[in-house]
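The values are calculated or read from the model by the stated rules, or taken from the named source; none is laboratory data. If you're wondering where the values come from, they're calculated on a predicted model, not measured in any experiment. Neighbour counts run over all protein chains shown; Cβ positions are idealised from the backbone, glycine included.
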Amino acid sequence: RQLCLAISRSRLDARQISLVLSAQSLRLQAERCWRLGMIVHELISNAARHAFANRGGAIRVAIWQNGAFVKCSVQDSGSVTTSIAPGHGLKIVDSLSRALGGHLRQTFGVQGSKSLLVFPYDCEPVVNGERSSLAPGIEPLVM
């Protein structure tokens, strides 16, 4: 929640773009958590940069567990041009998604864009090739 609040205050408020977060409480390894945070930040930044031109709008972020997977959706109420070419940011997002063992799917249209990240939920850390019953390295997801 703190990450989303900081992004709103630094980039979105002045442009009248609201940021809404709906996040289920999840426990992720620290490394997986920062990767997810980097992905969410880049998707929010892309939406703010490309979707709204000179008008305000809304970006909605949702994170939840669905069975053995974590899903993260970033949607905006803006519109995009007909030609979309992935830049360096989306290449980094793709690489981070693969590092999580997941994939990113994006759709674009006149009613806005949607990015959906899906990756395996693995709450138990792997230590020396074995699952640990202890929880070192696991931190709650706080966004």
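In the range 53-74 there is at least one residue that is touching a Cys at 6+ places or on another chain (Cβ under 7 Å), under 28 Å from Asp122 (Cα atoms), surrounded by 17 or more Cβ atoms within 10 Å (Cβ to Cβ) and at pLDDT 85 or above.
Matching residues to (1) out of contact with any Lys or Arg (no Cβ under 6 Å at 6 or more places or on another chain); (2) more than 18 Å from Gln24 (Cβ to Cβ); (3) at pLDDT 85 or above; (4) surrounded by fewer than 19 Cβ atoms within 10 Å (Cβ to Cβ):
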{"site": "Ala47", "(1), (2), (3), (4)": "yes, yes, yes, no"}
{"site": "Asp76", "(1), (2), (3), (4)": "yes, yes, yes, no"}
{"site": "Ser95", "(1), (2), (3), (4)": "yes, yes, yes, yes"}
{"site": "Gly102", "(1), (2), (3), (4)": "yes, no, yes, no"}
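The residues of the range 92-113 include none that are of a type in the set (D, E, K, R) and within 11 Å of the chain's Cα centre (by Cα).
Looking at Ala30, Ala47 in this structure, which one is touching a residue at least 60 places away in the same chain (Cβ under 8 Å), hydrophobic (A, V, I, L, M, F, W, C) and under 12 Å from Ser77 (Cα atoms)?
Numbers: Ala30 fails: under 12 Å from Ser77 (Cα atoms).
Criteria check complete, one pass: Ala47.
Just one of the listed residues (Ile17, Ile39) is more than 16 Å from the chain's Cα centre (by Cα), at negative phi, at pLDDT 85 or above and not aromatic (Phe, Trp, Tyr), and it is Ile17.
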